[in-house]
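The values are calculated or read from the model by the stated rules, or taken from the named source; none is laboratory data. On a predicted model such as this, the values are computed, not experimentally measured, just so you know. Neighbour counts are summed over all protein chains in view; Cβ atoms, including those assigned to glycine, are modelled from backbone coordinates with ideal geometry.
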Amino acid sequence: MKKIIISSLFYLILNATSYAQEKPVRIGLKFGIPNVAGLSLEYATPLIDNKLAAAIDFSSISISAGETKVSFSYIEAGGNYYFINDGKGLYGNISFGRIGSKVEYEDAVLGSGEGKAGINLINLKIGGKFGNGFYFRPEIGFAALAGNSEIEVEYTDPFTNNIVVEKEEIPGFLSGGPVFNVGFGVAF
């Protein structure tokens with residue numbers, strides 16, 4: 001059974017690539033909200049007359065200042081549907097995104113601690129891919145809070161030396177909002 005599934009997937013991929021666009025793979029950089037700065041990948045499939053594309057965005061940033069370290073990551077996976085042209089021009093996007101952040105600190109007075117946040121988002125965007133080999137891509141849209149999102153804070157109480165763990169709801173200002181990205185890259 002396993003060999004049949006693998007053979008079928010191989011046949012579908014081989015068949016799909018033979019009918020795909022001239023330059024279906026796109027790799028680029030994307031800057032904006034909520035991803036800050038990161039890598040963008042897209043594959044324009046031959047599905048729905050070459051108008052459906054799978055897209056993934058990834059960002060990871062770490063900053064240290066003294067005894068404090070801040071890490072931020074964002075991953076987004078979804079699909080683009082090109083309205084008019086196959087694989088270029090105006091498109092709509094629906095995707096799932098996850099923001100992860102972590103803050104670690106050590107202080108002589110406050111002790112040590114860390115805070116983590118995991119925020120799940122559903123993104124709805126409209127964008128445009130302009131260019132063929134090299135492209136420019138602006139996007140606007142809205143992100144809404146989805147699923148299990150929480151903030152967890154763990155710290156050592158400086159007076160008792162006990163470890164305290166608190167879980168909190170996501171504050172209202174992080175529950176979603178506008179999305180704006182600008183990207184550029186190369187297609188091949």
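Structure summary
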read-out: Residues of segment 170-188 satisfying the condition of being surrounded by 13 or more Cβ atoms within 10 Å (Cβ to Cβ) and among the aromatic types (Phe, Trp, Tyr); value: PHE180, PHE184
read-out: Failed item in (1) under 26 Å from PHE188 (Cα atoms); (2) surrounded by fewer than 16 Cβ atoms within 10 Å (Cβ to Cβ); (3) in contact with a Phe, Trp or Tyr (Cβ under 8 Å, 6 or more places away or on another chain); (4) of a type outside the set (D, E, K, R), with PHE96 passing the rest; value: (3)
read-out: Conditions (1) in contact with a helix residue (DSSP H, G or I) (Cβ under 7 Å, 6 or more places away or on another chain); (2) at positive phi: number failed by ILE119; value: (2)
read-out: Output for segment 40-79, where each listed residue is among the aromatic types (Phe, Trp, Tyr) and closer than 23 Å to GLY118 by Cβ; value: PHE58, PHE72, TYR74
read-out: Selected residue (criterion: modelled with the highest pLDDT) from residues of segment 103-122 that are within 27 Å of the chain's Cα centre (by Cα) and hydrophobic (A, V, I, L, M, F, W, C); value: ILE122
read-out: Wholly within segment 99-169, strands (runs of 3 or more DSSP E) carrying at least 2 residues that are acidic (Asp, Glu) and either in contact (Cβ under 8 Å) with a residue 24 or more places away in the chain or loosely packed, with under 13 Cβ neighbours inside 10 Å (or both); value: 150-156, 163-168
